[in-house]
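Working notes for the structure below.
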Amino acid sequence: MRKNSFIYLVTLCFLASGFVSCNKCCAKEAKLQNELDSINYAFGVINGEQIKTYYLQGDTTEANIKALIKGINDAVKKQDETMRFYALGLNVGSGMASQTKQGLMGDSTLTANIKLIQQALIEALSGKETKLSGDEAMEFLNTIMEKQQAKKAEAEFGENKVAGETFLAENAKRENVVVTESGLQYEVLVAGKGEKPAATDKVKVHYKGTLIDGTVFDSSYDRNKPAEFGVTQVIKGWTEALQLMSVGSKWKLYIPYELAYGSQNQGKIKPFSALIFEVELLGIEK
């Protein structure tokens, strides 16, 4: 085992440097005149075998093998530091080209325009003025990917959205349920008389969270330990409700998915799930 590991590390070093120690690159030209020649030749054989095993992975396509050999020969011939960046450029270009098969950023619903990607990449790399700054591009892509993920989640979990909306519509008709402008619903179980927390406060609460089918997904009561957190460090429905509650209150919250975890998958809480919480506000931590 130690021997194989050593050979593999040698291979990695060989690939990273882009150079080999032998004087001859082709087996037909090799002349082993002394022990040092044999050592160099053996090193080349080991690296060649390891490249086949770990990088070609059984790929015997003649064009691919020729391209790999050409790259090795060019690097050895030039022994130029810029070859490292040339190799990096080849890898980047190859990765860009693969987007046409896999879809842009691995998303099969987004068609890759390699010419546009290439143009933008080179403009940014060359320090030219780009149509979007780096920060703007990152923000834009994050927004797009969030939308794409939401579409995929809705296709798979759209039933949760319908079920939650139906439940909340019926629940809103109940006499003791209050519906706020945001869509949050709450029911006062115990009316407290203490102070109401502000957005900047930290609170201590006991709570139990369930899905609309009654499945419990979290409970501080079960842990026998109240939770402490900032008013704005929780989901939107909680943040809104906590600032309406007085210390000593116990409310039942009915939270639409938009004010909970939205299209995110949170384990037991699937995307687009409406949630129910019993919340007891024990105190405000100043």
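The values are calculated or read from the model by the stated rules, or taken from the named source; none is laboratory data. Keep in mind it's a predicted model, so treat the numbers as computed, not measured. Cβ sites come from the backbone with ideal geometry, for glycine too, and all protein chains shown count toward neighbours.
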**Prompt:** Take the residues of the range 135-159 that are of a type in the set (G, A, S) and surrounded by 13 or more Cβ atoms within 10 Å (Cβ to Cβ): which is farthest from Q264 (Cα to Cα)?
**Reply:** A137
**Fill in**
The condition of being assigned to a loop (DSSP other than H, G, I, E, B) and modelled with pLDDT of 80 or more holds, among T60, T130, T109, only for T130
**Request:** Go through the range 160-204 and give me each residue that's of a type in the set (D, E, K, R) and either surrounded by 13 or more Cβ atoms within 10 Å (Cβ to Cβ) or at pLDDT 95 or above (or both).
**Result:** K161, E165, E170, K173, R174, E181, E187, E195, K196, D201, K202, K204
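Return a yes/no flag: does the range 79-90 have any residue that is in a helix (DSSP H, G or I) and closer than 30 Å to A150 by Cα.
Within the range 79-90 (the criterion being in a helix (DSSP H, G or I) and closer than 30 Å to A150 by Cα), the answer is no, since none of the residues qualifies.
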**Fill in**
Checked the range 197-218 for anything within 24 Å of A172 (Cβ to Cβ) and in contact (Cβ under 8 Å) with a residue 12 or more places away in the chain; matches are Y207, K208, G209, T210, L211, I212, T215, F217
